[in-house]
1. Hey, rough spin-label estimate for Trp179 and Arg55, points 7 angstrom out along Cα→Cβ, what's it come to in nanometres?
2. Listed highest first by mean packing, meaning other Cβ atoms within 10 Å per residue, what order do 177-185, 55-63 come in?
Amino acid sequence: MATLTGEWVRSGSRLPLDIVRLTEADWRTLAEVRLRALRDSPAAFPVDCEKEQGRVPQEWRDRLADSDWVVARRETDGEIVGLAHLTAEPKPDHGPYPPAEVRYIESVWVAPSARRQGVSQRMIQALEAQARQDPQIRSLLLWVLAGNHVAWNVYQRLGFVPTRERKHRFYTSDATYVWERRMRKML
């Protein structure tokens, strides 16, 4: 595991955690944790592990330069047990939302050993705090897989509400189509 250089924030979750915003110098950590997430939960992401493994170091650095990535580090043993992403990148499916006023939360993953212990909640709160630093940003958007009731409930507790938007996304890991529903939080 690469030494992390980002800014650490003490968490108050049930699982003692530090949340860190990764910097370009942390590209190896991003690559390692992202690939671990894809191997652990392939049906949860619209990209397969093989494609991500083919990325060169500069592509990982560019990802960190263009948007905010946070990881959750367990205090007891230093293991990274979570990953989440906040991006301003305009999406073709942004719908009626002005791109300058919106940030997207993506790539949320929690290691199986740390699930249901407040990890995703702490990462989302850290990303929300980051978004609130820009007064132009008025809302956060995310997509939730149909049937992922745990994530749905976490997002609702954090103030996200469902929109009427749905999309059918192809997941390469098991060659099936899965519905996703959009949720939004006004800031």
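Readers should treat all values here as calculations from the given coordinates under stated rules, not as data from a laboratory. Predicted, not measured: the structure shown is a model, and the values here were computed from it. Virtual Cβ from ideal backbone geometry, glycine too; neighbours counted across all protein chains shown.
1. The two pseudo-label positions are separated by 3.1 nm.
2. Values: 177-185: 16.9, 55-63: 14.6.
Put in order of decreasing packing, that is 177-185, 55-63.
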